[in-house]
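Accompanying notes for the structure given below.
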Amino acid sequence: MNVFRYHENPLIKVEDVKPTREDFIVIGAFNAGVTKFNGQTVMLIRVAEMPKQDDAEYVKVPLMDEEGSHLKLVIKKVRKDLPGYDFSDPRVIKYKGQTVYLTSISHLRLAKSSDGIHFQVEEKPTVFPETKMESWGIEDCRITQIEDTYYITYSAVSSKGVGVGLLATENFRFYTRKGIILAPENKDVVIFPEKINGNYFMMHRPVPGCIGTKEIWTATSQDLIRWGDHCILMECREGSFDSQKIGAGSVPIKTPEGWLTFYHGVDENERYCMGAALLDLNNPSRVIARSSRPILEPVESYEVKGFFGNVVFSCGTIVEDRKVKMYYGAADERIACAEFSVSDVLESMAVTP
């Protein structure tokens, strides 16, 4: 399959994003929801920040803590020599195998571009954690346009786990919180861009605890808030690039052949690749075809090396004249873009366009 990575990659780097506070550093600008608005390409970037680590004996942890009736950003210091604590994963701190803190906190930051390559990133957060269910951050949003409204799903992270929140906007200036639409533990929610047989559809990824694997499900709704009719859509495949966990990527693309959807697959080496699947137009809970090999995998230096290496992870695509522009997080640190055709993707899955 022919894949063209932009020569300008990475398009957005941590150096392009201003920290929220002077005592913070930006460690990641990645995993952006993407759409078109007023003729421009619009991103809501996940910006991950952490306090400057200036004490060798401690790790400083940012989180939203309750102060009166409001949440306030505070810094907690965790000693590195505490018995039972594990600091080996740069993203989290664990105690006896359980995640007890994130080392960073994320918010959404707006970026705009007239050519889809050169982006202007706003200097201040666009959507910042505000509720108890967001006290550890807001991550990895997807943007679905339905008529004149843009619906934004995101991972709401707290000590209670990862749930799914919903925002709505008509202008990317003012946002309405619709609340938590899926309780923890769940993430990677993508809403289809139109009703199908009278129902809204979503893909989501429950995170089982003692039994089961991390796989993609579908659900339906009448109002985008209350979801039911849950059923499994795609499972992990032993020995494949998606053997350990999978999750929905960008908003599905309606084609004459079916709903073309992209998803991330993770193997036993924690290597993240992007795959594709074709779903039935009238019943998106039925898979017509699926990638046997990745359509995009980490091979470039900016994809292999970073805050968490060997990762390509897309939350958004732009489709024009059956050409896909896939914007993706690279190594959990930066944003890049690759182009390929819908026809090539279908052919790679043995579907005749």
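The values are calculated or read from the model by the stated rules, or taken from the named source; none is laboratory data. The structure displayed is predicted, hence computed values, not measured ones. Note that each Cβ is placed from the backbone with ideal geometry, even for glycine, and that neighbours are counted across all protein chains shown. These accessible areas exclude ligands, DNA and RNA; they are computed on the full protein's heavy atoms, side chains included. Shrake-Rupley method; radii C 1.70, N 1.55, O 1.52, S 1.80 Å.
Brief remarks on what is shown
- Yes/no for Gly275 being among the small types (Gly, Ala, Ser), touching a residue at least 12 places away in the same chain (Cβ under 8 Å) and in contact with a strand residue (DSSP E or B) (Cβ under 7 Å, 6 or more places away or on another chain): yes
- Taken over the stretch 248-262, the residue count meeting the criterion of being farther than 18 Å from Ala350 by Cβ and part of a strand (DSSP E or B) is 3.
Residue-by-condition table, conditions (1) more than 21 Å from Ile191 (Cβ to Cβ); (2) in contact (Cβ under 8 Å) with a residue 24 or more places away in the chain; (3) surrounded by fewer than 17 Cβ atoms within 10 Å (Cβ to Cβ):
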| position | (1), (2), (3) |
| --- | --- |
| Glu123 | yes, yes, yes |
| Val127 | no, yes, no |
| Ser135 | yes, yes, no |
| Arg142 | no, yes, no |
| Tyr151 | no, yes, no |
| Ser155 | no, yes, no |
| Ser159 | yes, yes, yes |
| Gly165 | no, yes, no |
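- Looking only at the stretch 139-162, residues that are in contact with an Asp or Glu (Cβ under 9 Å, 6 or more places away or on another chain) and of a type in the set (A, V, I, L, M, F, W, C) come to 4 in all.
- Any hit, the stretch 111-121, residues being free of Cβ contacts under 8 Å to residues at least 40 places away in the same chain, surrounded by fewer than 19 Cβ atoms within 10 Å (Cβ to Cβ), part of a strand (DSSP E or B) and in contact with a strand residue (DSSP E or B) (Cβ under 8 Å, 6 or more places away or on another chain): yes
- Matching strands (runs of 3 or more DSSP E) fully within the stretch 188-240 where at least 3 residues are within 19 Å of the chain's Cα centre (by Cα) and closer than 20 Å to Leu166 by Cα: 200-206, 216-221
- Hey, Gly84 closer than 22 Å to Val157 by Cα and either small (Gly, Ala, Ser) or open to solvent by 60 Å² or more (accessible area, probe 1.4 Å) (or both) or not: no
- Scanning the stretch 200-215 for residues that are of a type in the set (Phe, Trp, Tyr) and open to solvent by 50 Å² or more (accessible area, probe 1.4 Å) turns up nothing.
- Counting only strands (runs of 3 or more DSSP E) that sit wholly inside the stretch 1-74, those with at least 1 residues that are of a type in the set (Ser, Thr, Tyr) and open to solvent by 30 Å² or more (accessible area, probe 1.4 Å) are 58-67.
- Count of residues meeting criterion [in contact (Cβ under 8 Å) with a residue 12 or more places away in the chain and in a loop (DSSP other than H, G, I, E, B)] in the stretch 83-109: 7
- Scanning the stretch 232-251 for residues that are open to solvent by less than 10 Å² (accessible area, probe 1.4 Å) and aliphatic (A, V, I, L, M) yields Met234, Ile246, Ala248.
- Annotation note: of Gly39, Gly33, the sole residue that is in contact (Cβ under 8 Å) with a residue 40 or more places away in the chain, closer than 19 Å to Lys325 by Cβ and over 21 Å from the mean Cα position of the chain (by Cα) is Gly39.
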